[in-house]
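These notes are about the structure you will find just below.
Taken together, the values in this text are just the output of simple stated rules run on the coordinates, not laboratory data. Note that the coordinates shown come from a computational prediction; the quantities given were computed from them, not determined experimentally. Cβ: placed from backbone, ideal geometry, glycine included. Neighbour counts: every protein chain shown.
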């Protein structure tokens, strides 16, 4: 029997985005331009998707109150990479509600505040601009972000290396694949520590 979602999230939180990418057969990675804004933080959880109009991502604010604890806000800013998707107060609200983090193809502001909170945010970078609150954001629909289609409930694993999205079709085999990848990495590291060449250590790469 496969693991449930909570168990898979715990497994991902103790692994890495790179290991998840390798375990998926080198797929699921987002555009590297969507990068951590709070170095040293790790984000893992099911996606709560938001589709907001460009420069009107303020209309997505209600998603902060709707997303369940443990979820990752995945905010599509309508394909405009300069739209502000989240700020410091929004990050505080998300953190207080127990959200795992935010991934967006837009930008964020109040970076110093977000970094002080240690709230995991992955975006194109910072901005001084705010977003208007008119317009209508849709929640829990498939969104296109970073070259991937993200469906509600897909798993997100993100860290300093980048963001990986794991589609639900991979849930049944994820634990086994990830365990194999992590075992390979541990073995390769042990071989290098014991004096083996790097090429020799990774020669059995899965």
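With a cut-off of 16 Å on the backbone N, the residues of the stretch 152-192 near the modelled label site 7 Å out from residue 200 along Cα-Cβ are 187-192. The ranking of 43, 102 by Cβ neighbour count inside 10 Å, starting from the fewest, reads 43, 102. With respect to the chain, whose longest principal axis is taken over its alpha-carbon atoms, helix 171-193 is tilted by about 60°.
Note that the chain, at 10 °C in a medium of 1.306 mPa s, gets a Stokes-Einstein diffusion coefficient of 92 µm²/s from its Kirkwood radius over C-alpha pairs.
Among beta bridges from DSSP that stay inside the chain, the antiparallel ones total about 55%. Shown for 21, 48: other C-beta atoms within 10 Å of each C-beta, ranked fewest to most, produce the order 21, 48.
For 6, 185, the sequence from fewest to most other C-beta atoms within 10 Å is 6, 185. A straight chain from residue 192 to residue 93 at 0.36 nm per residue would run longer than the Cα-Cα distance by 31.2 nm. Each Cα pair under 8 Å and six or more residues apart adds its sequence gap; the mean of these over the residue count of the stretch 5-168 is a relative contact order of 35 percent.
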